[in-house]
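I have placed the structure first, in the form of structure tokens, so that the comments after it can refer back to it.
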Amino acid sequence: MESTASECICVEQLEIFAHVGVTDNERRHPQRMTLTLKIWPNEPFDKLQDEIGRTINYSEVSRTAREFIEGRSDKLIETLASQLASRLLDRFPAQAIEIELRKFVLPNAQHVAVIVKRSRGTGP
């Protein structure tokens, strides 16, 4: 993703619990995952006039992401990340978003991750 914006808001490794996995057994109980979000707002930081209403509220983004993920039951983390990126772009005034979703299920590996990058006007 090449965005002309150089300023972004980042939420690093937000802990979430999701019903995600290929088997019914994997989806039966929520699994710990982490979510990293980078959001390039429509408004440059120097134009915000120190007003929260002019920026993207990272608490609201985090709450929206958590509620979205916890309300789903997907087989693939790729699907979950893709749908979340679309949801956040629809809901918040951002020109671009990058999502990294980590799952801790592979033996002998720290994590498995998928990364989705989206800009306005690009879709899945």
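Structural remarks
- Positive contributions from Lys and Arg (+1) and negative ones from Asp and Glu (-1), summed over other residues with Cβ under 11 Å from the Cβ of T55, come out at -3.
- For region 41-105, the equivalent ellipsoid built from the Cα gyration tensor has semi-axes of 27, 11, 10 Å, listed from largest to smallest.
- Bins of 5 Å, starting at 0 and running to the largest distance - Cα pair percent for region 7-124: 2, 11, 23, 23, 17, 11, 7, 4, 2, 1, 0
- With R₀ fixed at 30 Å, the C-beta to C-beta distance from D24 to R120 puts the FRET efficiency at about 0.25.
- In Hz, Karplus ³J(HN,Hα) per residue of region 70-76 (6.51, -1.76, 1.60; θ = phi - 60°; x = Gly, Pro): 5, x, 10, 9, 9, 7, 10
- Karplus-derived 3J(HN,Hα) values for region 24-39, using 6.51 cos²θ - 1.76 cosθ + 1.60 with θ = phi - 60°, are 4, 4, 4, 7, 5, 10, x, 10, 5, 9, 10, 10, 10, 10, 10, 10 Hz; glycine and proline are entered as x.
- Surface composition of the chain: carbon and sulfur atoms hold 47% of the protein heavy-atom accessible area at a 1.4 Å probe.
- Long-range HN-HN contacts of V20 with modeled amide H, under 5 Å: Q31
- Using C-alpha pairs under 8 Å with a sequence gap of at least 6, the mean separation divided by the residue count of the chain gives a relative contact order of 28 percent.
- FRET efficiency for the pair L48 and S86, taken as 1/(1 + (r/R0)^6) with r the Cβ-Cβ distance and R0 = 22 Å, rounds to 0.30.
- When D50, D24, D90 are compared by accessible area of protein heavy atoms, the largest-first order is D50, D90, D24, using a 1.4 Å probe.
- Applying the criteria of a DSSP loop state and at most 12 other Cβ atoms within 10 Å to the GluC sites (Glu not before Pro) of region 31-78 yields E51.
- The chain, dipole about Cα centre (Lys/Arg Cβ +1, Asp/Glu Cβ -1), debye to the nearest 20: 400 debye
- Ligands, DNA and RNA are left out, and with a 1.4 angstrom probe the accessible area of region 23-94 is 58 Å² per residue.
The values are calculated or read from the model by the stated rules, or taken from the named source; none is laboratory data. Worth saying up front: this structure is predicted, and the values here are computed from it rather than measured. Cβ atoms come from the backbone with ideal geometry, glycine included; neighbour counts cover every protein chain shown. The area values use the complete protein model at the heavy-atom level, side chains included, leaving out ligands, DNA and RNA. Shrake-Rupley method; radii C 1.70, N 1.55, O 1.52, S 1.80 Å.
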